[in-house]
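Just below is one structure, and these are the notes that go with it.
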Amino acid sequence: MAEKQLTTKQQSFLDNLTSCGGDVKTAAELAGYAEGTHYAVVKSLKSEILDMASNIMAQNAPKAASKLVQIMDSPEPIPQANMRIQAAQQLLDRVGLGKTERVDVNVNTGGGLFIIPAKQEVIIDGDYEEDE
């Protein structure tokens, strides 16, 4: 898939998005977009923003792994250790390094037809009377 050509404003928005800590409204204003148009900017750059977020997560995965090991090996109590562990685990899960669930799906497409025997006609013997 060919990369989308970005305008100067769009590229500026993406650059500012990182420096603004992800605040789309501020990034749009710094890029020169009119106030209140940040929703449309985000919609038009959705795939680029998601790609950027994925890259940020990948860049911070080593830090998360290191933090887990640091907490695990620390002989001293670490303030807010549970919250830090959860944050690190979430980040690692999202980049694909955490606990994974695997589903093995085997499909046999050997083909062929399964023919069901014809239904047999059922005859019920009995007398029939009509009510008047």
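Remark: segment 65-131 is approximated by an ellipsoid whose semi-axes, taken from the C-alpha gyration tensor as √(5λ), come to 70, 22, 9 Å, largest first.
Straightening the chain between ASP127 and VAL69 buys 12.3 nm, computed as 0.36 nm per residue apart minus the Cα-Cα spacing. Working note: Karplus 6.51/-1.76/1.60 with θ = phi - 60° gives segment 125-130 the couplings 8, x, 9, 10, 10, 9 Hz, where Gly and Pro are set to x. Among the GluC sites (Glu not before Pro) in segment 1-105, those placed in a DSSP loop whose Cβ has at most 10 other Cβ atoms within 10 Å are GLU3, GLU35, GLU101. When a 1.4 Å probe is rolled over the protein heavy atoms, the share of accessible surface on the chain that falls to carbon and sulfur comes to 52 percent.
Of the peptides 65-71, 11-17, 77-83, how do they stack up when ordered by the mean number of other Cβ atoms within 10 Å, highest first?
Descending packing order for the listed peptides: 11-17, 65-71, 77-83.
The candidate values are (i) 25.2; (ii) 15.2; (iii) 10.6; the one derived from this structure for mean projected area of the Cα convex hull in nm² carries the label (i). A helix-only calculation puts the chain at -17000 deg cm²/dmol for mean residue ellipticity at 222 nm, using -39500 (n - 2.57) for each DSSP H run of at least four residues, averaged over all residues. All other residues whose Cβ lies under 15 angstrom from that of ALA40 are scored, Lys and Arg at +1 and Asp and Glu at -1, for a net of +1.
Here each label is just a point 7 Å from Cα along the line to Cβ, and for ALA118 and GLN86 those points are 6.8 nm apart. Taken per residue, the accessible surface of the chain reaches 89 Å², heavy atoms only and a 1.4 Å probe.
Relative contact order, whole percent, for the chain stands at 14, derived from Cα pairs under 8 Å and 6 or more residues apart.
Applying a DSSP loop filter and a limit of 10 other Cβ atoms within 10 Å to the chymotrypsin sites (Phe, Trp or Tyr not before Pro) in segment 23-132 leaves PHE114, TYR128.
The values are calculated or read from the model by the stated rules, or taken from the named source; none is laboratory data. Everything numeric in this text was worked out from a predicted model, so none of it was measured. Here the Cβ is made from the backbone with ideal geometry for all residues, glycine too, and neighbour counts use every protein chain on show. Please note that ligands, DNA and RNA were not included when accessible areas were found on the heavy atoms of the full protein model with its side chains. Shrake-Rupley method; radii C 1.70, N 1.55, O 1.52, S 1.80 Å.
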